[in-house]
Amino acid sequence: MTTTTISEVKSINTPSVIQINADIPLDQALEELIRNSKEISITRGKRKGKFETGADKEGLELLPESSKERLQADGIDIQAGYPEAPPREDIPIYLDQAFEIRNYDVPFVDRGKNADPEKKSLFGAATEIINLTKNVGTEIVGLQLEDLTDQQKDELALLIAERVVVFFRDQKLSPSAQHKLGDYYGNVEVHAQVAHVPGLPGTTVIWNDYQVKKGMNLNFATSNLSNWDSTKYLNVGNQGWHTDLVHERQPAGYTHLHLDAIPDVGGDTIWSSGYGAYDKLSDEFKKFLDGKEAVYVSAHQYLDREDPFGGPKRIERVHPLVRTHPATGWKFLYVNRGMTKRIVGLSPVESDLVLNYLFDVYEKNADIQVRFKWTNSKQGYGTSAIWDNRISQHRNVWDHEGDQPRHGTRVTSLAEKPYFDPESKSQREALGKYLHQWD
Ligand SMILES: [Fe+2]
């Protein structure tokens, strides 16, 4: 049997010379090498920090007390560590492996589609309904998410589809119950790389303080880079405007973040409406965009089997740029600066020009946005935000700089395969609200 030396790798736990059997194709040999060499990062790209798999002992020591109590009350075993990343052997190495995850049609019925438009069951049971801004964001007081009936859940879905994001403070909500609610709203996404609650894949851990402790270069100065082109500059967590999981065949719909550790001040989240962004455009520009498609990329990266030494690359998927929401029937703009790469059919210059304008419209209009201050009033209770990732962008504000803990769990329900219905109306058109005519 002949062997071929393909490269020399100097590393602590890997041999200094890698002997590859000539009978094994290069891509397979590389995959084996990466999987078996713990010091080699699988897909970190430009992000710094050691890539962890499995349960993390170090993370457990950093876990806020309130979060620990919530997990343990739910019977979650965190003895081996926290959080838990997928095992190294399950993480895709190559783009084609990552692309094949959920690359098939999954039935989806939007729970808001047949809900009572007046939402009598939900509103009737609440003690207060507070619209936080005119166009986006509603807070519901006096209800526990865990106790909602199916009818109330359906009405809540419609409310989220109309208001973009709905908030519930003072919630006693276990990670399992959060996961169950996500199952009701769609197909719960299980991330190929991101850490989750141990034993509960799909309940993703949102914990920037931990990421920073692990080496993510997020601080007061670097968070500014998130405002600019993330394909060129450092990607620092979730500080920049973005939409979750746009590269999926059936991208994210109803998405639920529950924070069980909240700083006294800081750590807000901001949402912006895709209905509003679309309605900011002129009729002529809307017509130009309607029916166009764009290329959407993943946040995480993988190697290209055809060019494995070309460095990590993102998964790409084509979706309509203007979509129709199945529950409201309204059109919305589906773009975000971090993950919409180009508009199909336009030259690169034209595409950049149009996309940058659309990003700006989404990001710069305060009248289509809401900034939410998370609060935690009672021991053992947290706050929930459920938003629709189809019709929005969001960003986190890391101004507490880790001074006080901020930790939560997110469950994302994947929705329909994106579509554009040329007969559908925009939100303001459907509601009979003023729309400016430019001539
Ligand atoms: Fe996000």
Take the conditions within 20 Å of T409 (Cβ to Cβ), within 16 Å of the ligand (Cβ to nearest atom), touching a helix residue (DSSP H, G or I) at 6+ places or on another chain (Cβ under 7 Å) and in the same structural domain as V205 (by TED's automatic domain parsing) and apply them to T255. Does it pass? yes
For the range 351-371, indicate whether the set of residues that are modelled with pLDDT of 95 or more, closer than 24 Å to G202 by Cα and crowded, with 19+ Cβ neighbours inside 10 Å is non-empty. no
If you take the residues of the range 35-87 that are modelled with pLDDT under 90 and of a type in the set (D, E), which of them is nearest to V205 (Cα to Cα)? E52
When V212 is evaluated against the numbered criteria (1) more than 30 Å from D110 (Cβ to Cβ); (2) under 16 Å from the mean Cα position of the chain (by Cα); (3) β-branched (V, I, T), which criterion, by number, is the only one it fails? (2)
Mind checking which residues of the range 130-169 are more than 24 Å from the chain's Cα centre (by Cα) and either crowded, with 16+ Cβ neighbours inside 10 Å or small (G, A, S) (or both)? G142, L143, L148, Q152
Of the conditions (1) aromatic (F, W, Y); (2) farther than 28 Å from P198 by Cβ; (3) not in a helix (DSSP H, G or I), the single one that Y362 does not satisfy is (3)
Checked A98, A126 against criteria (farther than 30 Å from L30 by Cα and either touching a residue at least 24 places away in the same chain (Cβ under 8 Å) or not assigned by TED's automatic domain parsing to the domain that holds E32 (or both)); the one match is A126
Of the candidates A299, A277, the one satisfying the condition of being under 24 Å from E423 (Cα atoms) and either assigned to a strand (DSSP E or B) or within 24 Å of the chain's Cα centre (by Cα) (or both) is A277
Residues (more than 30 Å from K425 (Cβ to Cβ) and surrounded by 17 or more Cβ atoms within 10 Å (Cβ to Cβ)) located in the range 314-346: R314, I315
If G266 satisfies all but one of (1) outside any loop (DSSP other than H, G, I, E, B); (2) under 25 Å from W207 (Cα atoms), what's the number of the condition it fails? (1)
With the condition kept exactly as written, say whether any residue in the range 302-313 is buried (at least 17 other Cβ atoms within 10 Å of the Cβ) and either modelled with pLDDT of 95 or more or within 16 Å of the ligand (Cβ to nearest atom) (or both). no
Residues L173, L181: which one is more than 16 Å from the ligand (Cβ to nearest atom), under 18 Å from A261 (Cβ atoms) and in contact with a His (Cβ under 7 Å, 6 or more places away or on another chain)? L173
Pick from the range 387-430 the residues that are among the hydrophobic types (A, V, I, L, M, F, W, C) and in contact with a Pro (Cβ under 8 Å, 6 or more places away or on another chain): which of them is nearest to L333 (Cα to Cα)? F420
List pairs: first residue in the range 238-249 and touching a residue at least 12 places away in the same chain (Cβ under 8 Å), second residue near the ligand (Cβ under 10 Å from one of its atoms) and charged (D, E, K, R) anywhere in the structure, Cβ distance under 9 angstrom, at least six positions apart or on different chains. N238/D244; N238/R395; Q239/R395; G240/R395; W241/R395; H242/R395; D244/R410
Return the residues of the range 204-213 that are away from the ligand (no atom under 15 Å from the Cβ) and buried (at least 19 other Cβ atoms within 10 Å of the Cβ); say none if nothing qualifies. D209, Y210
Of the residues T231, T203, only one is assigned by TED's automatic domain parsing to the domain that holds H407 and part of a strand (DSSP E or B); which? T203
Out of (1) more than 13 Å from the chain's Cα centre (by Cα); (2) assigned to a strand (DSSP E or B); (3) in contact (Cβ under 8 Å) with a residue 60 or more places away in the chain, the odd one out for K286 is which? (2)
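The values are calculated or read from the model by the stated rules, or taken from the named source; none is laboratory data. Only a predicted model underlies this, so the values are computations on that prediction, with no experimental measurement involved. FYI the Cβ positions are ideal-geometry reconstructions off the backbone, even for glycines, and counts take in every protein chain you see.
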